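S.K.: Can you read through this structure? Questions will come right after.
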Amino acid sequence: MYGFGQVDRILGVRAGTSQRWIDGYRRGGKSYPPVIRPERTGDEAVTWGEFIEARLLAEYREEGVPLVKMRPAVERLREELGTPYPL
């Protein structure tokens with residue numbers, strides 16, 4: 001198990017990035033659902049599966065794939081494959 005700060009450091013992403021990807025966030029009165037977890041849990045512990053998904057998501061982002069395109073793709077893959085971690 002990891003914490004969000006550990007995941008950010010290991011993956012080399014900005015502080016808070018893994019938390020937004022894994023558990024979603026709120027900004028300016030708007031709520032953004034998580035990309036990695038099927039739904040927001042508020043749990044700060046990151047599982048191995050979530051860590052791997054975050055690494056894969058970071059790699060897609062490094063290649064220029066916008067998160068706005070990743071979110072619906074992950075949701076569809078989750079439904080089609082019947083797994084919480086489709087990447």
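The values are calculated or read from the model by the stated rules, or taken from the named source; none is laboratory data. For clarity, every value in this text was computed on a predicted model and none was experimentally measured. Positions of Cβ are generated from backbone atoms using ideal geometry, with glycine treated the same way; all protein chains shown enter the neighbour counts. Keep in mind that these areas ignore ligands, DNA and RNA; they rest on the heavy atoms of the full protein, side chains included. Shrake-Rupley method; radii C 1.70, N 1.55, O 1.52, S 1.80 Å.
S.K.: Mind putting a number on the dipole of the chain about its Cα centre? Charges go on the C-beta only, +1 for Lys and Arg and -1 for Asp and Glu, and I need it in Debye to the nearest 20. Mind showing how you got there, number by number?
M.R.: On the way: 14 positive and 13 negative charges, 84 e Å.
Dipole size: approximately 400 debye.
S.K.: Suppose only helical runs count, i.e. DSSP H with n ≥ 4. What mean residue ellipticity at 222 nm does that imply for the chain under -39500 (n - 2.57) per run, divided by all residues and rounded to the nearest 500 deg cm²/dmol?
M.R.: It lands at -16000 deg cm²/dmol.
S.K.: How much of the accessible area of the chain, in percent, comes from carbon and sulfur atoms when a 1.4 Å probe is used?
M.R.: Roughly 50 percent, rounded to a whole number.
S.K.: Which loop-located GluC sites (Glu not before Pro) does region 4-87 contain, where loop means any DSSP state but H, G, I, E or B and the Cβ has at most 12 other Cβ atoms within 10 Å?
M.R.: Working: sites: Glu39, Glu44, Glu50, Glu53, Glu59, Glu62, Glu63, Glu75, Glu79, Glu80; in loops: Glu39, Glu44, Glu63.
Passing both the DSSP loop test and the Cβ count: Glu39, Glu63.
S.K.: Shifting gears a bit: Check which residues have an amide H placed less than 5 Å from Tyr32's amide H, if you skip close sequence neighbours.
M.R.: Tyr25, Arg26, Arg27
S.K.: Pick out which of Arg61, Arg27, Arg37 has the largest mean-square fluctuation in a Gaussian network model of the chain, springs linking Cα atoms closer than 10 Å.
M.R.: Maximum fluctuation in the GNM of the chain, among the listed residues, is at Arg27.
S.K.: Could you compute the net charge surrounding Ala73? Neighbours are other residues with a C-beta less than 15 Å from the C-beta of Ala73; K and R count +1, D and E count -1.
M.R.: The answer is -1.
S.K.: Multiply the residue separation of Leu81 and Arg55 by 0.36 nm, subtract the distance between their alpha-carbon atoms, and state the gained length in nm to one decimal. Mind showing how you got there, number by number?
M.R.: Details: separation 26, 0.36 × 26 = 9.36 nm, distance 1.97 nm.
So the extension gain works out to 7.4 nm.
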